[in-house]
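Student: So that we are looking at the same thing, I have put the structure below in structure tokens.
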Amino acid sequence: MRAFTLLLFLLSAVLSEGLFAGSLQVTVKDRKGEPVANAVVSAEGAGGGTTHARGEVIIDQRNKQFIPYVTAVQAGTSILFPNSDKIRHHVYSLSPVKTFELPLYSGIPAAPVLFDQPGFVTLGCNIHDWMIAHVAVLETPYFQVTGPDGQVTLKGLPPGKYRVQIWQPLLKAKPEQLAQSVELTAGSTRALTFTLDLKPDFRVSRAPGLSTGGYP
């Protein structure tokens, strides 16, 4: 009987959280009004972040590129860097937030890398200089990365006040300069729009040598 009562209590708590949770619909565009992809949208409550077990995240290496280009994780998350190419890669980061090196390897490295400090990390490959990727390490569990349409929906946010921030690799301003504050009531949905001033994107759109000559 006691176990049944506990089960009912837990079920009620889960249902209540779902019923009273709010959501944020965020649109990210540039100065020309075009949607911005690869923008990390995060919302942090007044009480700070809550630790959610997110398991292992994967950043693959395919066709001499990191996939995906931008990844967002909560601090304390481990990332695995498998190499799906038939050549060897040498992944590294010199970012103060997380400095590490995975020496030349093919297949799957020995262990995932723990990202335990909040901040922004740039990844590279010592063998293929054009290979670049970014990791946003966040304190909050409420975040998403925009796709080609420049939109995300953050769901499951408890009622309260939130500070919503944007980060993108080409962003000229600091994320805190563009932050917006919003308050969510039980079951409410709010819409926000961010307009970003971006630097020119000089990335190589695909690895040299994939379709024509170029680097080996």
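Nothing in this text is a laboratory measurement; each read-out follows from the coordinates by a stated rule. Worth saying up front: this structure is predicted, and the values here are computed from it rather than measured. In this analysis, Cβ positions are derived from the backbone assuming ideal geometry, glycine residues included, and neighbour counts consider all displayed protein chains.
Student: Could you tell me the distance between the Cα centroids of segment 111-141 and segment 28-48, to the nearest Å?
Tutor: Going from one Cα centre to the other spans 19 Å.
Student: Return the long-range amide H neighbours of F194 (sequence gap of 5 or more, or a different chain), with a cut-off of under 5 Å between placed amide H atoms.
Tutor: T27, V28, K29
Student: With only alpha-carbon atoms counted, please give the Rg and Dmax of segment 136-190, in Å.
Tutor: 12.2, 35
Student: As a test, work out the antiparallel percent of DSSP beta bridges whose residues both lie in segment 51-139, rounded to the nearest 5.
Tutor: Working: 21 of 30 bridges.
Just about 70 percent of them are antiparallel.
Student: Another one. Could you sort out which of K32/K64; K29/K155; K29/K86; K86/K172 sit more than 29 Å apart by Cα distance in this structure? Mind dumping the intermediate values first?
Tutor: Working: K32/K64 31 Å; K29/K155 21 Å; K29/K86 37 Å; K86/K172 37 Å.
Checking Cα-Cα distances, K32/K64; K29/K86; K86/K172 exceed 29 Å.
Student: Here's another thing I want to ask about it. Report the percentage of all Cα-Cα pairs in segment 51-139 whose separation exceeds 15 Å, rounded to a whole percent. List each step's numbers first, then the result.
Tutor: Numbers: 2102 of 3916 pairs.
Beyond 15 Å sits 54 percent of the P(r) for segment 51-139.
Student: Could you bin all the Cα-Cα distances of segment 105-207 into 10 Å bins starting at 0 and give me the percent of pairs in each, rounded to whole numbers?
Tutor: For segment 105-207, the pair-distance distribution reads 10, 36, 33, 16, 6, 0.
Student: Spelling out what I want: for every residue of segment 97-113, take phi, set θ = phi - 60°, compute 6.51 cos²θ - 1.76 cosθ + 1.60 (Karplus), and round to whole Hz; glycine and proline get x.
Tutor: With coefficients 6.51, -1.76 and 1.60, one gets 4, 7, 9, 7, 8, 10, x, 2, 7, 10, x, 10, x, 4, 8, x, 9 Hz.
Student: Report ³J(HN,Hα) in whole Hz for each residue of segment 78-91, in order, from the Karplus equation J = 6.51 cos²θ - 1.76 cosθ + 1.60 where θ = phi - 60°; Gly and Pro get x.
Tutor: 9, 10, 9, 10, x, 10, 8, 7, 9, 10, 9, 10, 9, 7
Student: Please list, ordered by chain and number, the residues whose modelled amide H lies under 5 Å from the amide H of V97; skip anything fewer than 5 residues away on the same chain.
Tutor: none
Student: Something else now. From the residues F81, H128, L138, which one has its Cα farthest along the dipole of segment 51-139 in the positive direction, the dipole being from +1 and -1 charges on Cβ of Lys/Arg and Asp/Glu about the Cα centre?
Tutor: H128
Student: So who's got an amide H within less than 5 Å of the one on T77, skipping anything under 5 residues away but keeping other chains? H placed 1.01 Å off N, in plane.
Tutor: Result for T77 returns F115.
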